[in-house]
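**Q** Following this message is one structure expressed as structure tokens.
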Amino acid sequence: KFSPGLLEQVKKLATHPQTPVSLKQFVEFGHRPSPLTILRGNQFVQNELPVRLAHRVVELENLPHGLSDMPSIKRVKDWYTQSFEDLMNLPGPESYGVPMKALQQATDDSGTGRKGLKYFNPGNNGNNGNDIQELDAWNADFIKCIERIKRRHDPTVTTVAQGVLELKQHWQRSNSPLLKNTSGSPLPLPTAIQSFLDRFYMSRIGIRMLIGQTVALHKSSIDPRLTRDDYVGIICTKTNLGQVAKEAAQDARTICQDYYGVWGGPEIKLLGNQDVEFMYVPSHLHHMLFELLKNSLRAVVERYGVDCDEWPEIKLVVAEGKEDITIKISDEGGGIPRSGMPLIWTYMYTTAENPLLEEGYDRSDFRAPMAGYGYGLPITRLYARYFGGDLRLISMEGYGTDAYLHLSRLSDSEEPLP
Ligand code: W6P
């Protein structure tokens, strides 16, 4: 399917180090970029993505316990290889006629990138208008390529989860000692697979951040009307915690109502100074809060039942420190037994073969699942750690659970790249 030459290239680039980027660097780089800065950024991404993809291809090839042989894992590996090939086959800007002089400047200029502005300023001399056109053509093709890559990898989390289920079925057929439990109750995965999934999903967050940011910067560069002055690409320099929390709470309650068929569902009370603004990716923040609130809602509804007339409310408290912004989400959903706490962070087998086919699921009446493949919490913690934060859970069995989401405001922590 892929040429031996390509696989050699993959092996070679998998030995190159990946280059981590901090939130601060993303913002400094993307703040009112000149055409030359955009070019430099795109060139960085064109070099960096194949390196990151190659690391994943090699790792997907060498997974423990036979995971590499599962059909879904092979599909995911093919996506990574295909995306690697797309980027390697994409010509560089020089073949679009962007002058070498500009490219030289683009790679040499380690400052702000403003130096080159003069060169690319149309009307500066007769040639420069053309330079811009050629540059635009390359930029446009590059952006199309990475958008396509991002779309290709959309189903990665569910497909890898499917691959893990395939491995479990394989163990069942071969009566593997790794499958001690035959009752179908959730089992933790071997630690080697657990840590692979942590590395793999963390890497995915980084790759999608890189693509998302590059595409957003490109779009605001071609249409300045799209540019909000508190946004740098997909990063909001004044992310309003209260606003994102309100939206996440509303979305989580909607899902809860639809799933349980309850009216309203438990209240979510926002406490502390919600009017905190900090630099973050609002979609990441929304994802984390939504996931945690859904867990709390589920715990409360399942403890008190759908017919309860007054559920204990869920509290979301915000604390603003110098280093961290911490969000505590407290529920009275009965908590988790202490022995079960380590399992919270594992990519567990679900009780159902397919979570969407669980009891109560009706094909003709699709409901968004309250609980998916059991990947929500570990992935939420990866999002928190991606920009130097963390997620901790403290539980009182018989009462409830507190989730502490720490977000670093010192935006200089580098991406933790596996
Ligand atoms: C629970 C289990 C859980 C996980 C994550 C967040 C909140 C909660 N509450 O009972």
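**Q** Under unit Cβ charges (Lys, Arg +1; Asp, Glu -1), what dipole magnitude, rounded to 20 debye, does segment 247-289 have relative to its Cα centre?
**A** Around 120 debye, computed over segment 247-289.
**Q** Which of the residue pairs 24/219; 150/269; 144/246; 77/219 have a Cα-Cα distance greater than 27 Å in the structure shown?
**A** Going by Cα-Cα distance, 150/269; 144/246; 77/219 fall outside the 27 Å limit.
**Q** How far apart, in nm, are the 7 Å Cα→Cβ label points at residue 308 and residue 68?
**A** 4.9
**Q** What full-extension length gain, to one decimal in nm, is calculated for residue 173 and residue 263 as 0.36 nm per residue of separation minus the Cα-Cα distance?
**A** That pair, residue 173 and residue 263, stretches by 28.0 nm at full extension.
**Q** Please give the direction-averaged projected area of the C-alpha convex hull for segment 162-274, in square nanometres with one decimal.
**A** 12.4
**Q** Further question on the same structure: Note the per residue figure in Å³ for the convex hull of the C-alpha positions in segment 234-335.
**A** Here the figure is 89 Å³ per residue.
**Q** Here is a follow-up. Going highest first, how would you order 284-295, 324-335, 62-73 by mean Cβ packing within 10 Å?
**A** Highest mean packing first, the order is 284-295, 324-335, 62-73.
**Q** Taking the solvent-accessible surface of protein heavy atoms with a 1.4 Å probe, what is the per residue accessible area of segment 211-307 in Å²?
**A** Spelled out: the 1.4 Å probe surface of segment 211-307, per residue, equals 48 Å².
**Q** Would you please put 265-273, 29-37 in order of how densely packed they are, using the mean number of other Cβ atoms within 10 angstrom per residue and starting with the highest?
**A** On the way: 265-273: 16.8, 29-37: 19.6.
Result, highest mean first: 29-37, 265-273.
**Q** Roughly to the nearest percent, how much of the accessible area of segment 1-95 is carbon and sulfur, given a 1.4 Å probe?
**A** Using a 1.4 Å probe with all protein chains present, segment 1-95 comes out at 54 percent carbon and sulfur.
The values are calculated or read from the model by the stated rules, or taken from the named source; none is laboratory data. Small disclaimer: the values here were computed from a predicted structure and weren't measured. Note that we place each Cβ from the backbone using ideal geometry, even for glycine, and neighbour counts take in every protein chain shown. For accessibility, only protein heavy atoms count, side chains too; no ligands or nucleic acids. Shrake-Rupley method; radii C 1.70, N 1.55, O 1.52, S 1.80 Å.
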